[in-house]
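Here is the structure we will look at, set down as structure tokens.
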Amino acid sequence: MQCTEDAGTYLAGQLLVAMPGMQDPRFARSVIYMCAHNDEGAMGLVINQVLDSLTFPDLLEQLGIETKGLRDPINVHFGGPVESGRGFVLHSADYVKEATLVVDEDTALTATVDILKAIAVGDGPTRSLLALGYAGWSPGQLDEEMKANGWLSVVPDNELVFGLKPDTKWDQALAKMGIDPRMLSGDVGHA
């Protein structure tokens with residue numbers, strides 16, 4: 001599914017937090033920032049699974065992009081299993097170009113090499129997260145997964161999306177909802 005400018009809002013701009021009983025191992029304990037959710041399906045990026053096999057400077061080198069003024073290198077994340085060779089940059093809305101999808105007043109998504117070049121020379125967005133691939137759902141699929149106790153949704157904040165160590169985001173997202181993960185059951189209908 002492509003992110004489009006007319007993307008609906010259902011869960012766009014929200015975080016999905018995997019429940020402990022998540023059946024798909026690719027999404028166990030995952031936190032997904034939702035970029036689009038409408039009648040045509042849904043698209044989001046996993047924001048708490050860093051790829052150990054690829055660093056941002058390595059990626060820039062592979063793409064032939066020079067680095068001048070590169071601030072702290074950003075992590076490269078597993079964004080999801082769909083189009084895993086394609087890069088997406090989730091970022092603060094202070095960087096908006098023609099190909100940018102503005103999700104909400106704080107957050108945008110750009111999937112062009114131009115944003116990588118801008119980040120490499122220090123002209124990119126203030127905060128960013130690079131993901132390879134994305135999580136996608138067909139029409140109604142995400143709604144069914146939520147009804148089946150697969151996901152919770154929570155309003156994000158910049159620290160939860162762009163800050164924090166990736167391995168703490170799942171616990172922090174649940175804590176933001178006032179939930180202690182030790183009290184959750186993975187079984188539908190049980191507390």
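Given 0.36 nm per residue, what is the gain on full extension from V96 to L164 after removing their alpha carbon distance, in nm?
Full-extension gain reported as 22.1 nm.
What residue among P156, P25, P57 shows peak mean-square fluctuation when the chain is described by a Gaussian network model with Cα springs under 10 Å?
Answer for the Gaussian network model of the chain: P25.
How many percent of the alpha carbon pairs in segment 16-68 exceed a separation of 12 Å?
73 percent
With bins 5 Å wide starting at 0, give me the P(r) of segment 15-183 over every alpha carbon pair, in whole percents.
2, 9, 18, 22, 21, 15, 8, 5, 2, 0
Compute the relative contact order of segment 15-183 as a whole-number percentage, counting only Cα pairs closer than 8 Å that sit 6 or more residues apart in sequence.
29 percent
Work out the P(r) tail for segment 119-168: percent of alpha carbon pairs separated by more than 15 Å, whole number. Mind showing how you got there, number by number?
On the way: 829 of 1225 pairs.
Tail of P(r) above 15 Å: 68 percent of Cα pairs.
Given the options D167, D143, D58, state which has the largest fluctuation in a GNM of the chain using a 10 Å cut-off (strictly under) for Cα springs.
Comparing D167, D143, D58 in the GNM, the peak value goes to D58.
Summing Lys, Arg as +1 and Asp, Glu as -1, what charge do residues with Cβ under 12 Å from the Cβ of D171 carry, D171 excluded?
Value of the local net charge: +3.
So if I restrict to the alpha-carbon atoms in segment 102-191, what is the Rg, and what is Dmax, the biggest pairwise distance, in Å?
When restricted to Cα atoms, segment 102-191 yields Rg and Dmax of 16.6, 52 Å.
Could you please state, rounded to a whole Å, how far the C-alpha centre of segment 129-166 is from the C-alpha centre of segment 72-118?
15 Å
Highest GNM mean-square fluctuation, the chain, Cα pairs closer than 10 Å: which of G150, G122, G136?
G122
Where in segment 31-88 are there GluC sites (Glu not before Pro) that are in a DSSP coil and have at most 13 other Cβ atoms within 10 angstrom of their Cβ?
E66
Values quoted throughout were computed directly from the atomic coordinates according to the rules given, and no laboratory measurement underlies them. This one's a predicted model, so the numbers in the text were calculated from it and none came from an experiment. Here Cβ is always computed from backbone atoms with ideal geometry, including for glycine, and neighbour counts include all displayed protein chains.
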